[in-house]
Amino acid sequence: MRGVVVIGAGHAGVEAAASLRAGGYNGPVTVVGAERHLPYQRPPLSKEMLHDGGDPDALSLRAEAFFEDRRIVLRHGLALDIDRAAQLVHIAGDRPVAYDHLVLATGAAPRRIELPGRSLRGVAELRTLDDALALRASLVGARRVVVLGGGFIGMEVASAARKRGVEVSVVELGDRLLRRAVCPPVSAAVAAHHRAEGVGLWFGEHATELIGDAGHVTGVRTASGRVLPADLVVLGVGATAEDGLAHRAGLATDGGVLVDRWLATSDPRIVAIGDCAVVCDPSTGTRRRLESIQNATDHGRYAAARILGEKRPYYAVPWFWSNQGSLRLQLVGMAEEVDQFVVRGDESRFSVFCLRNARLTAVESVNDPGTHMAARRLLERVTPSEAELVAADYDVRALARRAMARETAVA
């Protein structure tokens, strides 16, 4: 038996390996990771790890003994190529490893933007633990930070920088923050929070040049001609799937590794999971790639179950979160092609109910964790109609209790 090889030591890859052992898989399991660290949690990189005292060792997903006890072999090295005919993975500086099943959990990387001055010192990206440690060190002496991109990573970095008393400006091409992820009422709340914290927000702008002196960045020139002074610039303009390895191996890719509802690639012996996977649903014609810990973890569990014999297609309601200072955002479901927003709560604590064709598809919550948890329990079971929501006065706790009671009665 050659066993299972997992390429990628993030949340998805480690969960797949751990779930294989938990499910009784006895063959060899190898996890190949490009970084020198033990597999670690990524959400704290843009939050706690940017604060003084953040302990890198506390981020480990599992202790070293966990992998040893479960006979999960960690190989530290970059996966170079997949020989599909021989079912081998070639690793930089190491011997090849053979597989019966291959799991691609290669994740995503910061979207590359080419700008004059990009190679100046004081220009940072954030994806890995080493990136976070370097950025934290840079924040210690920084006086002015410009963040390019008003997405989750950019705004979390902005929040961490303001907590240190650093002057922060955010340059966003769109007309609102988190545009691709949240509805306008939540964007407005996020913008109000950051403005109150002293963050400068520049919408409808993009950088055309990073200005420097003696090899170090000193500012950002924007398309309108404005110059924003900076001694640290953080590039946070999104991420792209790490699908180069799959593409070189001849697997179908298009903005990520294309997989079916069983997470299988165009080679049935290979699955792709987590941030690198684009799930295609032929029944709806939709394609979706998600960057979230919940998605990565659920994919990892499902990949293991599939190898162990699971026949049902993958299904899970996605959810996300982001902490930005005192602001806590929680999202459940997908607010795509929404035609109605219903806001419940006040300025400091509210939830937005997102409906499409008079059906609830997502709930976005600001400092409202009770509603978020109830909405998760509800949407995992049913998608209530607008009439049902109105009848319950949008009390998703009550609707969730009814749905769970019906489920119990049927069981």
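The values are calculated or read from the model by the stated rules, or taken from the named source; none is laboratory data. Predicted model only: the values in this text are computed from it and were never measured. Because the Cβ atoms are built from the backbone with ideal geometry, glycine has one as well, and the counts that use them run over all protein chains shown. What goes into the accessible areas is simple: the full protein's heavy atoms, side chains included, and nothing from ligands, DNA or RNA. Shrake-Rupley method; radii C 1.70, N 1.55, O 1.52, S 1.80 Å.
The relative contact order of the stretch 40-110 comes to 16 percent, based on Cα pairs under 8 Å that sit 6 or more residues apart.
Computed over protein heavy atoms with a 1.4 Å probe, the carbon and sulfur contribution to the accessible area of the stretch 355-411 reaches 51%.
For a paramagnetic label modelled on Val227 (point 7 Å from Cα along Cα→Cβ), amide N atoms under 11 Å away belong, within the stretch 205-219, to 211-213, 218-219.
The modelled label-to-label distance for the pair Asp94/Ala22, using points 7 Å beyond Cα in the direction of Cβ, is 2.4 nm. The convex hull defined by the C-alpha atoms of the chain has an orientation-averaged projected area of 22.0 nm². Distance between the modelled labels on Glu114 and Asp267, one decimal in nanometres: 3.1 nm (7 Å Cα→Cβ projection).
Proximity of backbone amide H atoms, modeled 1.01 Å from N, is registered between Gln41 and Ser60, Leu61 at under 5 Å, excluding neighbours fewer than 5 places apart on the same chain. Evaluated on the stretch 159-242, the Kirkwood hydrodynamic radius is 14.1 Å, with distances taken between all distinct Cα atoms.
Only helices reaching 27 angstrom along their own axis (Cα) with mean Kyte-Doolittle hydropathy no lower than 0.0 count here, and not one DSSP H run of the chain does.
Beta bridges per DSSP, both residues in the chain: antiparallel share near 60 percent. Estimated from helical segments only, the mean residue ellipticity of the chain at 222 nm is -8000 deg cm²/dmol, where each DSSP H run of four or more residues counts as -39500 (n - 2.57).
Grouping the Cα pair distances of the stretch 1-125 into 5 Å bins from zero gives a pair-distance distribution of 2, 10, 18, 19, 17, 14, 9, 6, 4, 1, 0 percent in increasing distance order.
Average accessible surface for the chain: 45 Å² per residue, computed with a 1.4 Å probe over protein heavy atoms with every protein chain in place. For the stretch 291-334, the share of accessible area belonging to carbon and sulfur comes to 52 percent (1.4 Å probe, ligands and nucleic acids excluded). Can you give the log10 of the normalised intensity I(q)/I(0) at q = 0.12, 0.24 Å⁻¹, computed with Debye over equal Cα scatterers of the stretch 137-208? Relative scattering, expressed as log10 I(q)/I(0), comes to -0.28, -1.06. Counting only DSSP beta bridges with both residues in the stretch 168-232, the antiparallel share comes to about 70 percent. With every protein chain in place and a 1.4 angstrom probe, the accessible-area ranking of Arg176, Arg195, Arg269, largest first, reads Arg195, Arg269, Arg176. Accessible surface of the stretch 1-157, 1.4 Å probe: 50 percent of it comes from carbon and sulfur atoms. The stretch between Glu388 and Asp55, if pulled fully straight at 0.36 nm per residue, gains 115.2 nm over its current Cα-Cα span. Directionally averaged projected area (the stretch 321-411, Cα convex hull): 6.1 nm². Rolling a 1.4 Å probe over the protein heavy atoms leaves Glu68 with an accessible area of roughly 120 Å².
Ranked by solvent-accessible area (1.4 Å probe, protein heavy atoms only, all chains present), the residues Leu258, Leu148, Leu80 order from largest to smallest as Leu80, Leu258, Leu148. With Cα atoms as the point set, the radius of gyration and Dmax of the stretch 268-369 evaluate to 16.2, 51 Å. Note on the stretch 207-290: Cα convex hull, mean projected area over all directions, 8.5 nm².
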